[in-house]
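This report refers to the structure that appears directly beneath it.
The values are calculated or read from the model by the stated rules, or taken from the named source; none is laboratory data. Everything quoted here is computed from the prediction, not taken from an experiment. Glycine gets a Cβ as well: all are built from the backbone with ideal geometry, and neighbour counts include every protein chain shown.
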Amino acid sequence: MLISIAMVFISFMLAVKVMSNAVTEHFENETIVCLDAGHGAGDNGAQSTDGTRLEKDDNLKLTLLVGEKLKENGVQVLYTRKEDTEITLKQRCKIANKYYCSLFVSIHRNSSATGTGIEAWISNSPKGDEKELAQVLTESICKITGLENRGVKLGYRDSVNENYYINANTNMPSLLLEVGFITNEKDNKSFDEKTDEIAQIIAKNIQNFIAKDVEKS
């Protein structure tokens, strides 16, 4: 009787172990792109000079459109937010890390009294080939919009020795993409007129990036 009970217990534990490993392997082996619409809810981000346009709204609009275009081409997408909701930087990174995402892209609009153009930020200690992706993204968006290419920057705007939180705390290649200045009317006009094209080129380059990554693995 004791032997039978022991055998049942061992079988149960083995089954649990196998199921546990299966779930982990499932997430680890899936190619998932995490799209992060910067800011949200009470955190408006930057705003236009007249105060009528909020960065959080532009970020969400473009992020969801990029996600739609990726999914149309069979890419699995995970959003940190899909609505005007509040989510901390820590939670954003936790979501991406929990599901073993292959890439993390955070979409933003820039802000400055005189600034214009497109730029991307990556960690000063990159986790993969995100610099290559960031360069392609800034170049291709500038080609579509005609805006200035401000390039790919490492670290944090106030210190190259620091990093933006999402670049420092995600386990996968990551970048923060600044799609024009919300404080510049020319940039805003370009954003509005070219939103679909911008989303399309972002999605295309992300897809090319992860396909290359899959080929290497």
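Entry remark, segment 33-78: residues being over 23 Å from Asn110 (Cβ atoms), over 14 Å from the mean Cα position of the chain (by Cα) and among the polar types (S, T, N, Q) number 1 in total. Only residues that are buried (at least 19 other Cβ atoms within 10 Å of the Cβ) and under 14 Å from Ile201 (Cα atoms) were counted in segment 66-77, giving 4.
So is Ile182 under 30 Å from Asp50 (Cα atoms) and over 14 Å from the mean Cα position of the chain (by Cα) or not? Can you show your working first?
Working: under 30 Å from Asp50 (Cα atoms): yes; over 14 Å from the mean Cα position of the chain (by Cα): yes.
Answer is yes for this residue.
Count of segment 146-174 residues, restricted to those that are within 19 Å of Asp36 (Cβ to Cβ) and either touching a residue at least 40 places away in the same chain (Cβ under 8 Å) or among the polar types (S, T, N, Q) (or both), is 12. Any idea which residue in segment 104-119 is farthest from Leu65 (Cα to Cα), counting only those that are in contact with an Asp or Glu (Cβ under 8 Å, 6 or more places away or on another chain) and not β-branched (Val, Ile, Thr)? Ranking the qualifying residues of segment 104-119, first place goes to Ser111. Of the residues making up segment 121-129, one or more are surrounded by fewer than 23 Cβ atoms within 10 Å (Cβ to Cβ) and more than 26 Å from Ile87 (Cβ to Cβ).
If I filter segment 107-116 down to residues being not in a loop (DSSP other than H, G, I, E, B) and not hydrophobic (A, V, I, L, M, F, W, C), which single residue comes out as farthest from the chain's Cα centre (by Cα)? Write out each step before concluding.
Within segment 107-116, the first condition is being not in a loop (DSSP other than H, G, I, E, B), and the residues that meet it are 107-110.
Now narrow it down to the ones that are not hydrophobic (A, V, I, L, M, F, W, C): 108-110.
On the way: His108: 10, Arg109: 14, Asn110: 16 Å.
Within segment 107-116, the match that is farthest from the chain's Cα centre (by Cα) is Asn110.
Please find, within segment 130-139, the residue that is farthest from Glu197 (Cα to Cα) out of those that are crowded, with 18+ Cβ neighbours inside 10 Å and in contact with a helix residue (DSSP H, G or I) (Cβ under 9 Å, 6 or more places away or on another chain). Within segment 130-139, the match that is farthest from Glu197 (Cα to Cα) is Glu130. In the set (1) β-branched (Val, Ile, Thr); (2) under 15 Å from the mean Cα position of the chain (by Cα); (3) within 19 Å of Asn110 (Cα to Cα), Ile210 fails one condition alone, (3). Selection of segment 141-158 for residues being surrounded by fewer than 19 Cβ atoms within 10 Å (Cβ to Cβ) and not hydrophobic (A, V, I, L, M, F, W, C) yields Lys143, Gly146, Glu148, Asn149, Arg150, Gly151, Lys153, Gly155, Tyr156, Arg157, Asp158. Is there any pair linking a residue in segment 188-203 that is surrounded by fewer than 19 Cβ atoms within 10 Å (Cβ to Cβ) to one that is modelled with pLDDT of 95 or more and of a type in the set (S, T, N, Q), with Cβ under 8 Å and at least six apart or on different chains, and which? What qualifies is Asn188/Ser48.
Among the residues in segment 159-171, are any touching a Gly at 6+ places or on another chain (Cβ under 7 Å) and surrounded by fewer than 18 Cβ atoms within 10 Å (Cβ to Cβ)? Explain how you work it out, then say what you get.
Our first condition is that a residue be touching a Gly at 6+ places or on another chain (Cβ under 7 Å); within segment 159-171, this holds for 161-163.
With the extra rule that they be surrounded by fewer than 18 Cβ atoms within 10 Å (Cβ to Cβ), the set shrinks to 161-162.
Checked against the condition, which is being touching a Gly at 6+ places or on another chain (Cβ under 7 Å) and surrounded by fewer than 18 Cβ atoms within 10 Å (Cβ to Cβ), segment 159-171 yields at least one hit.
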